[in-house]
Each structure stands twice: as C-alpha cells, then as structure tokens.
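The values are calculated or read from the model by the stated rules, or taken from the named source; none is laboratory data. Just so you know, these numbers come straight off a predicted model, no measurement behind them. Methodologically, a virtual Cβ is constructed for each residue, glycine included, from the backbone with ideal geometry; neighbour enumeration extends over all protein chains shown. Accessible surface is based on the protein model in full, side chains and every heavy atom, while ligands, DNA and RNA are left aside. Shrake-Rupley method; radii C 1.70, N 1.55, O 1.52, S 1.80 Å.
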Amino acid sequence: MPQTIAVLDFGSQLTQVIARRIRECQVYSKIYHFATPAAKLREDGVVGIILSGGPQSVYAKTAPHPDPAIFELGVPVLGICYGVQLMGHFLGGKVALSKEREYGHGHLTIKQPGKLFAGLPRHLRIWNSHGDKLTKLPPGFKATAISENSPFAGIEDPKRRFYGIQFHPEVFHTERGVDMIRNFLVGICRARQDWTTKDFIAHAVADIRAKVGKGRVLLGLSGGVDSSVAAALLHKAIGKQLTCVFVDNGLLRKDERNYVEALYQRNFKIDLRVVDASKLFLRRLKGVTEPEQKRKIIGRTFVTVFEQSLKSIGHAEFLGQGTLYPDVIESVSIGNNPASLIKTHHNVGGLPERMKLKLIEPLRELFKDEVREVGAALGLPKEVVWRQPFPGPGLGVRVMGDITADKLEILRNADFVLQDEMMKSGFYWKVWQSFAVFLPVKTVGVFGDERTYDYVVALRIVESIDAMTADWAKLPYDLLQKISSRITNEVRGVSRVVLDISSKPPATIEWE
Ligand code: XMP
C-alpha cells in the first residue's frame with residue numbers, strides 16, 4: 001500500500017485538479033467523500049489530509065462537514081478555500097458570511113514562509129474563488145500570508161501541522177501553486193515521491209479486476225486516444241474478458257478501419273469485432289443538411305448498431321468507456337447550463353441504462369496528457385497516443401450539406417493527401433488539428449486542355465491548447481503549395497483548394 005494523501009471532497013470542481021497536482025509531485029492520493037470517518041483514513045494509512053474547496057457556506061444547513069476526529073489523527077491537514085473555513089469553524093476561529101464571491105486574480109504577500117511557503121518569492125499572483133472569509137484565527141494559529149482582501153490568506157499551526165490557504169494553489173493561474181502543494185506533501189507530510197504512471201497502471205489493473213471479476217466488458221473503440229488507451233488498459237487487466245466493438249459508420253477517414261483492425265486485432269490480440277454499418281448510416285443521413293440533425297442521427301444510429309451487434313457478440317455485464325475527467329466536468333456544466341451546449345457531443349448516452357450495463361471508466365480521473373502517458377507506457381504507438389482529435393460524427397460534419405458516398409470519397413482522398421504531407425513535414429505533430437472539408441460548390445478550372453467544373457476543398461489547420469480557442473496555423477507556403485497541387489492533381493472531382501484563415505472564436509474548428 002503506498003503512502004496515501006487523502007483529499008476530502010467538499011464539492012469543488014477543482015478537487016480532481018488537486019489530485020492531479022499531487023500526481024505531478026509523484027505522490028499517491030485518493031479522493032474521499034467529505035464525511036469519511038477518521039478511523040477509515042487511519043486504516044488506509046493516510047499520511048496527510050487536504051480539505052478541498054466547495055461551493056457552500058460552512059454555516060449552510062446542507063453544508064458538507066468532515067468527521068471532526070480527522071483533526072485528532074495527528075496527521076498534517078491542509079485546508080484550501082472552503083477547507084480553511086472548515087478549519088476556522090471546527091477549531092475555534094470565526095468565519096464571516098458573505099453574499100458575494102471574491103473571484104479572480106489577487107496578490108499574495110508572504111509574511112512568514114514557514115514550511116508551506118518555503119523557497120517561494122515574497123510576492124505571488126494568486127487566484128481566488130470564495131464567498132465567506134475567515135475573520136478570526138483559531139487558537140494556536142498564526143497568519144503567514146496576506147492578500148489585498150484578507151489578512152488570513154495563509155495560516156498555520158505548525159505544532160499540530162495544520163495549514164490553510166484562502167486561495168486556490170491547484171489552478172494554473174496561481175503562481176508556484178504546485179510548489180506550495182509539494183511543500184505540504186513532501187516538506188510537511190514527508191510523503192514519498194515514488195508514484196509513477198506504472199503505479200497508476202498497476203493500481204488501475206487491480207481495480208478493474210476487482211470490479212469486473214469474471215464478468216465481461218464491452219467497449220466501443222473509435223480509434224481515438226481515449227478509447228484506445230481505455231482498451232489497452234482493460235485488455236491488460238482482463239484480457240479475453242474484453243470485447244471491443246468498432247463501428248464502421250461510413251464516415252471514417254481513408255484506411256481507418258484497416259488501421260484499427262491491424263493495430264488491435266493483430267498487434268494487441270484484442271477481441272475486436274468490426275461492424276460494417278456504413279450503408280445504414282448513409283441511408284439515414286440521405287438528404288439531411290442541418291448539422292445538429294446530422295449529429296443526432298449519427299448518435300442515434302450508433303446506439304442502434306451497437307445494441308444490435310450485441311445480439312451476435314453476446315451478453316456482457318459492463319460497458320467500458322474512455323471518459324476523461326474534462327468530459328465529466330463538461331457534461332456536468334452542460335447539464336446545468338443548456339446554453340453552453342454548442343454542439344451535441346456524440347457519445348453512447350443512455351445506452352448503459354437501457355441495456356442494463358454497468359459502466360467502467362478507468363480513465364475517469366485523468367487529464368488528457370496523463371492519458372497519453374498511460375497509453376505510451378502500455379505500448380501504444382506514437383501515432384495513436386498523439387493522434388489529433390477526430391469528431392464522433394466523423395466526416396459527416398466535414399461534408400457540408402447533404403452527404404453522399406461520392407462526396408465522402410472525394411473528401412477522404414483530399415484529406416489523405418493533407419495528412420500525408422502533414423506527416424512527412426512533421427507538422428502533423430505540431431498543430432492541434434489538420435483536416436479537409438468538402439464544399440458543395442462547383443467552380444471552373446482547366447485540366448490539360450479541358451475545362452473542368454468541379455468541387456472545392458477547404459483546408460482547416462489550427463493550433464490550440466484545449467480546443468476552446470484556436471488560431472489558424474501559419475504553415476510554410478511551399479508546404480501549402482504542395483498540398484494544394486497534390487490535391488488538385490490526385491483527387492478527381494476537385495478543381496480548387498482554399499485555406500480557412502478563421503480563428504475560434506468566432507468560427508469553430510469544425511465547419512458544422
Ligand atoms: P469545435 O468545432 O466546436 O470543436 O470548435 C472543438 C473540438 O471538438 C471536436 N468536435 C467534436 N468531437 N463530437 C466529438 O467527439 C462532436 O460532435 C464534435 N464536434 C466537434 C472538434 O474536432 C475539435 O477538436
């Protein structure tokens with residue numbers, strides 16, 4: 001059993017980010033329900049406790065409170081934001097109610113670094129998000145840092161090894177926040193820094209085995225990073241008890257199906273079932289031009305096909321999914337705020353309930369870069385681990401207007417040329433996404449002595465950090481020229497290539 005840091009979750013959306021920062025320090029942590037009995041934490045060999053932030057006021061009727069005995073365990077405690085107010089509330093300080101939240105950037109001045117702020121500059125930029133505030137220190141505590149809005153931005157009782165910070169060290173906007181967390185873990189809790197990706201895998205494998213037992217797991221494999229890593233991890237854990245289903249929806253890139261088959265069936269020896277449903281998809285999409293409508297049809301058809309395919313594959317108890325932590329947050333925020341739903345995301349929503357499958361999501365706590373590390377450690381090739389994102393509805397949202405087999409063929413061939421040149425030049429790995437878009441516009445051209453009247457293909461090549469914003473990539477002219485002339489020469493049906501130079505916002509990355 002590794003030394004464990006317990007993160008008690010009081011409902012902040014940032015709790016998983018705290019856990020992620022702890023992993024960055026190569027320390028093992030586990031997120032616990034806020035009311036977990038102190039005895040359980042002792043039993044688990046917890047060497048330090050972090051109290052997360054949370055949206056409530058400590059005085060609210062429904063406020064989540066910890067077992068007060070956690071303060072008697074004799075292990076160090078770090079309260080973050082709501083966590084520090086809990087310390088004030090439980091240890092004899094005072095917390096003032098506030099109607100408004102203090103939100104955004106602030107400045108921290110460290111008065112006495114102590115162990116928590118050891119090695120840090122005196123002035124730091126910090127990020128706040130809190131309503132109530134600590135107004136009187138609990139006995140035994142002293143203030144170690146102040147901010148423009150609080151004389152108690154950092155507090156400590158070094159004797160009992162209790163520490164508190166009013167701001168959020170886990171977010172990127174707080175300067176040197178990770179160092180504060182590391183100081184707590186290593187300098188104060190004396191936690192060992194030996195938790196690596198390999199340990200994560202070993203742990204996940206044990207968890208999966210315990211959960212699945214002799215059961216069977218199905219996984220919809222898309223060929224993208226997330227489902228690929230989930231498949232490799234599940235396969236490592238339960239081997240033949242995993243069956244992957246790859247649905248050919250007729251909206252895939254050129255050679256995609258062969259690639260996926262070769263990789264998983266031949267190399268990984270995964271039980272992979274390929275379902276060719278391209279005709280059904282194209283039939284249902286016939287004449288449909290509205291993007292949201294297309295997405296809905298594709299999503300619904302996927303569920304039907306998946307369900308149908310189970311008849312021949314046989315019963316399973318579990319549905320595996322490559323859900324990552326940002327997906328969890330996104331679906332939460334979408335659920336609470338329908339206005340944030342810009343595009344209907346394509347997933348197998350509703351499927352588990354209907355088919356009475358239990359979900360198994362081994363990547364649920366990880367962020368994308370961590371998933372890539374896990375994938376690489378499991379032996380997935382670079383081409384998979386660093387693959388560009390590809391939307392669930394596939395080429396269906398890259399053929400503008402109504403979708404036909406001919407248009408898809410043109411797009412596939414143009415896109416293939418683009419990817420080929422991006423790979424050869426190495427720019428594939430440097431940009432966020434690069435793809436071709438089919439425009440149902442005919443323009444005049446000349447080919448040899450002949451006049452042509454053919455379609456237009458647009459190149460969409462963007463740089464981005466998280467797909468929330470994006471800018472068009474400034475590729476060298478000679479590379480663009482090569483891509484363009486190869487497409488018009490090699491792809492029948494295209495007489496013109498244009499470059500999309502819109503940023504996001506206001507344009508989105510995909511055209512539909
Ligand atoms: P947009 O076009 O909204 O895309 O700027 C942002 C990122 O999301 C991908 N995308 C999708 N992925 N299903 C997906 O799984 C979808 O319906 C979908 N729409 C967009 C897009 O490729 C980009 O990376």
(request) Please figure out what share of the DSSP beta bridges in the chain is antiparallel and state it in percent, rounded to the nearest 5. (result) 50
(message) Can you give me the solvent accessible area of Lys474 with a 1.4 Å probe, rounded to the nearest 10 Å²?
(response) 120
(message) Roughly how far apart, in whole Å, are the Cα centres of the stretch 200-243 and the stretch 274-322?
(response) 22
(message) Could you work out how much longer the chain between Glu292 and Thr404 gets when fully extended? Use 0.36 nm per residue separation minus the Cα distance between them, nm to one decimal.
(response) 38.6 nm
(message) Which one, Ala206, Ser309, Leu234, projects farthest toward the positive side of the charge dipole computed for the stretch 197-385 from Cβ point charges (K/R +1, D/E -1)?
(response) Ser309
(request) May I ask for log10 I(q)/I(0) of the stretch 384-482 at q = 0.20 Å⁻¹, from a Debye sum over the Cα atoms as equal point scatterers with solvent left out? (result) -1.13
(request) Would you mind telling me the share, in percent, of accessible area of the chain contributed by carbon and sulfur at probe 1.4 angstrom? (result) 54
(request) Would you mind computing, in nm to one decimal, how far apart the modelled labels at Glu317 and Thr508 are, each placed 7 Å from Cα along Cα→Cβ? (result) 4.0
(message) Rounded to whole Å, give me the distance from the Cα center of the stretch 356-402 to that of the stretch 92-143.
(response) 39
(request) Can you spot the lysines whose alpha carbon is less than 25 Å from Lys30's alpha carbon? Ignore those fewer than 8 places along the same chain. (result) Lys40, Lys115, Lys198, Lys211, Lys236, Lys358, Lys368
(message) Per residue, how large is the accessible surface of the chain? Use a 1.4 angstrom probe and give square angstrom.
(response) 46
(request) Hand me the chymotrypsin sites (Phe, Trp or Tyr not before Pro) from the stretch 1-99 located in a DSSP loop with no more than 15 other Cβ atoms within 10 Å, in residue order please. (result) Tyr59
(message) So, R0 is 25 Å and r is the distance between the beta-carbons of Leu97 and Gln13; what FRET efficiency does that work out to, to 0.05?
(response) 0.65
(request) Find out how many positive minus negative residues lie around Thr196, taking Lys and Arg as positive, Asp and Glu as negative, among other residues whose Cβ is under 15 Å from that of Thr196. (result) -1
(message) Once each part is reduced to its C-alpha centroid, what is the distance from the stretch 1-53 to the stretch 145-172 in angstrom?
(response) 18
(request) Report the FRET efficiency, 1/(1 + (r/R0)^6), for Thr469 and His123, where r is their Cβ-Cβ distance and R0 is 30 Å, rounded to 0.05. (result) 0.55
(message) Once you place label points 7 Å from the Cα toward the Cβ at Val446 and Lys111, how far apart are they in nm?
(response) 8.2
(message) For a quick check of your reading of the filter: which trypsin sites (Lys or Arg not before Pro) in the stretch 84-135 sit in a DSSP loop and have no more than 10 other Cβ atoms within 10 Å?
(response) Lys99
(request) State, to one decimal in nm², a quarter of the convex hull surface area for the C-alpha atoms of the stretch 197-385, i.e. the direction-averaged projected area. (result) 11.1
(request) Sort the following peptides by mean Cβ neighbour count (other Cβ atoms within 10 Å, averaged over residues), highest first: 428-437, 177-186. (result) 177-186, 428-437
(request) Any chance you could run the full-extension gain for Asn489 through Lys142? It's 0.36 nm times the residue separation minus the Cα-Cα distance, nm to one decimal. (result) 117.5 nm
(message) Given the -39500 (n - 2.57) contribution per DSSP H run of 4+ residues, what per-residue ellipticity at 222 nm results for the chain, rounded to the nearest 500 deg cm²/dmol?
(response) -9500 deg cm²/dmol
(message) Placing one identical point scatterer on every Cα of the chain and ignoring solvent, what is log10 I(q)/I(0) from the Debye formula at q = 0.06 Å⁻¹?
(response) -0.36
